[in-house]
Amino acid sequence: MNTDDKDTPGTSGPRGLRQGLTNYGDQGFSLFLRKALIKGAGYTDDALDRPVIGIVNSGSSYNPCHGNMPALLEAVKRGILFAGGLPMDFPTISIHEVFSSPTSMYLRNLMSMDTEEMIRAQPMDAVVLIGGCDKTVPAQLMGAASAGIPAIQLITGSMLTGAHRGERVGACTDCRRHWGRFRADEIDVDEIGSINNQLVASVGTCSVMGTASTMACIAEALGMTVPGGASPPAVTADRMRVAEMTGTRAVAMARERLTIDKILTPEAFENAMRVLLAIGGSTNGVVHLAAIAGRAGMEIDMAALDQMSRETPVLLNLKPSGEHYMEDFHKAGGMATLLRILKPLLRLEAMTVTGRTLGEEIEHAGPEFKQDVVKSLDNPIYPQGGIAVLHGNVAPGGAIIKQSAANESLMEHEGRAVVFENSGDLMNRVDTEDLDVQPDDVLVLKNIGPKGAPGMPEAGYIPIPKKLARLGVKDMVRISDGRMSGTAFGTIVLHVTPEAAVGGPLAYIQNGDRIRLSVKSREISVLISNEELENRRQHKPIIEPKADRGYRKLFLESVLQADKGVDFDFLRAVNISTKTPPSK
Ligand code: FES
């Protein structure tokens, strides 16, 4: 029994159960005790001598997006055993979008800390991260990037679509569309009730290109899943095969010491950014990529992202930018089809979890075939990337708009501000008959940023005031320091940085101010002078939100702005030394 090696899990020194021993002042006794206690579960010495593969089990009754977790665990374990490893699953917290108050984003960093620390604390040579619902995959990638051992992502997979009176429906673009119809009195309470039964036809993640699907595609583009890992729906045989392959590959990664830093390179992030733009991905993808990059010692270059957006068309015909669903994307070949078309724009040398480069995997994926879900570069869904980066005196640190889901007629727009001070104010007044609002106005919502709400909720999809919705108004320019669900659509400016709660200019916009949005010139401005802005600042001192104790105190004292991924300052890499995309 050798206990003298340097103890760095998964990279060098002792492997398997010998690493990361609990400190009793006697390493030999620590290993003896560990083995004695785990043998209580019936393991033999032979089993305990194998490479240990941790499996992050994020199953929860509160998380139907992870409802296939038992089947996935079984398939992953099968793959690990076939390859000669010892599977050890362990729980972490699980975050579901609609069961996380005040918002799932508030808990993402907590899940990343849980993931990182349990990977560090427990002996494992590699780890399989199983996640799917919006915040879980970024949390796991953030935690694993900080922990540093070989890691591989397994996506839970998307839900199936349902049908309402002959029309195909799926969460959650159709949730919003039908709810908008209900608000406008176009459908009655019975019909909205029966739609509610059909929107989610199985366990799994939302079936459109929302944040979960976006992060699944990003994980594959980063090289963090096995090829084809993004698209199989949750309840399919393909998903189970991906799970088995993931387990098998994790054992090989442990043997090869293929650590996560060899995969999460600047080139990998460039590929992920390219894919985010080409899939018409969720705006949340920008925040999560910034957070994952920050853990890997990198910063996302927002100017470069915008430049990439001008040269990367949206190719994927999925809701909310297009018309199809994730299961259609899978039948069209999934990421292999997309990556093959995007190949001229990709960094093919980026390493993946298979030990082969992305370019090699594209070659390996087989021939293209006729399909209509992924468009060609010369016949795209939208001529530019899904996301544009805006600047101006409203957002000195930047803001973004999902231009591919915006209304063409509002992309160059000037209008009168109708201001809501916070989400409570919005809730109280937006549907009142005496609200002074016209279809050409710009709705402004403050204090839903990282600190403001707190947790930067997806409240940026400000509802169209009921009295305008009844007149048939479907879209207006909307601005906030919050986020928006990836399943939402409209001419909506998000992630205004710095946020109102820390004294960003958004805090000082008043009812009646003129606001200008120009997506063409990437501008979001309030048409008042700098002197007037400064004057308002002097007369309205900002008191930043605080808390007395607990996680909320930690959150409010540590959370960074959207451009830093809304991560905690103490969780980012100590040295942020590289910008991504790297200059060519
Ligand atoms: Fe989990 Fe949409 S609610 S992915």
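The values are calculated or read from the model by the stated rules, or taken from the named source; none is laboratory data. Computed from a predicted model, the values in this text were never measured in an experiment. Glycine also receives a Cβ, built like all others from the backbone with ideal geometry; neighbour counts cover every protein chain displayed.
For region 403-431, which positions are under 20 Å from residue 180 (Cα atoms) and part of a loop (DSSP other than H, G, I, E, B)?
Answer for region 403-431, where residues must be under 20 Å from residue 180 (Cα atoms) and part of a loop (DSSP other than H, G, I, E, B): 406, 407, 430, 431.
Given the condition away from the ligand (no atom under 16 Å from the Cβ), in a helix (DSSP H, G or I) and crowded, with 22+ Cβ neighbours inside 10 Å, answer yes or no: does some residue in region 116-128 qualify?
Checked region 116-128: at least one residue is away from the ligand (no atom under 16 Å from the Cβ), in a helix (DSSP H, G or I) and crowded, with 22+ Cβ neighbours inside 10 Å.
Which residues, taken from region 315-339, are modelled with pLDDT under 95 and under 19 Å from the mean Cα position of the chain (by Cα)?
Once the filter is applied, which keeps residues that are modelled with pLDDT under 95 and under 19 Å from the mean Cα position of the chain (by Cα), region 315-339 yields 318, 319, 320, 321.
Given the conditions (1) surrounded by fewer than 24 Cβ atoms within 10 Å (Cβ to Cβ); (2) part of a helix (DSSP H, G or I); (3) in contact (Cβ under 8 Å) with a residue 40 or more places away in the chain, report the number of the one that residue 299 does not fulfil.
(2)
Among the residues of region 527-552, write down those that are acidic (Asp, Glu) and either over 26 Å from residue 102 (Cα atoms) or surrounded by 11 or more Cβ atoms within 10 Å (Cβ to Cβ) (or both).
Step one: filter region 527-552 for residues acidic (Asp, Glu), giving 531-532, 534, 544, 548.
Result: 531, 532, 534, 544.
Can you pull out every residue in region 219-232 that is more than 16 Å from the ligand (Cβ to nearest atom) and within 20 Å of residue 291 (Cα to Cα)?
220, 221, 222, 223, 224, 225
(1) over 24 Å from residue 242 (Cβ atoms); (2) within 14 Å of the ligand (Cβ to nearest atom); (3) buried (at least 17 other Cβ atoms within 10 Å of the Cβ): which one isn't true of residue 106, the others all being true?
(2)
So, in region 490-544, of the ones that are in contact with a Phe, Trp or Tyr (Cβ under 7 Å, 6 or more places away or on another chain) and hydrophobic (A, V, I, L, M, F, W, C), which residue ends up farthest from residue 435 (Cα to Cα)?
533
Condition check: at pLDDT 95 or above, farther than 21 Å from residue 172 by Cα and within 16 Å of the ligand (Cβ to nearest atom). Does residue 93 satisfy that?
yes
For residue 210, are the conditions met, namely being near the ligand (Cβ under 10 Å from one of its atoms), touching a residue at least 24 places away in the same chain (Cβ under 8 Å) and under 13 Å from residue 485 (Cβ atoms)?
yes
Within region 386-393, can one find any residue that is under 23 Å from residue 307 (Cβ atoms), surrounded by fewer than 20 Cβ atoms within 10 Å (Cβ to Cβ) and over 26 Å from the mean Cα position of the chain (by Cα)?
yes
Test of understanding: among 201, 216, which residue is over 30 Å from residue 578 (Cβ atoms), of a type in the set (A, V, I, L, M, F, W, C), within 16 Å of the ligand (Cβ to nearest atom) and in contact (Cβ under 8 Å) with a residue 12 or more places away in the chain?
201
Provide a single number: the residues in region 316-342 that are of a type in the set (Lys, Arg) and surrounded by 21 or more Cβ atoms within 10 Å (Cβ to Cβ).
Here is the first cut: in region 316-342, the ones of a type in the set (Lys, Arg) are 319, 331, 340.
Pick out the ones that are also surrounded by 21 or more Cβ atoms within 10 Å (Cβ to Cβ) and you get 319.
Residues flagged as of a type in the set (Lys, Arg) and surrounded by 21 or more Cβ atoms within 10 Å (Cβ to Cβ) within region 316-342 amount to 1.
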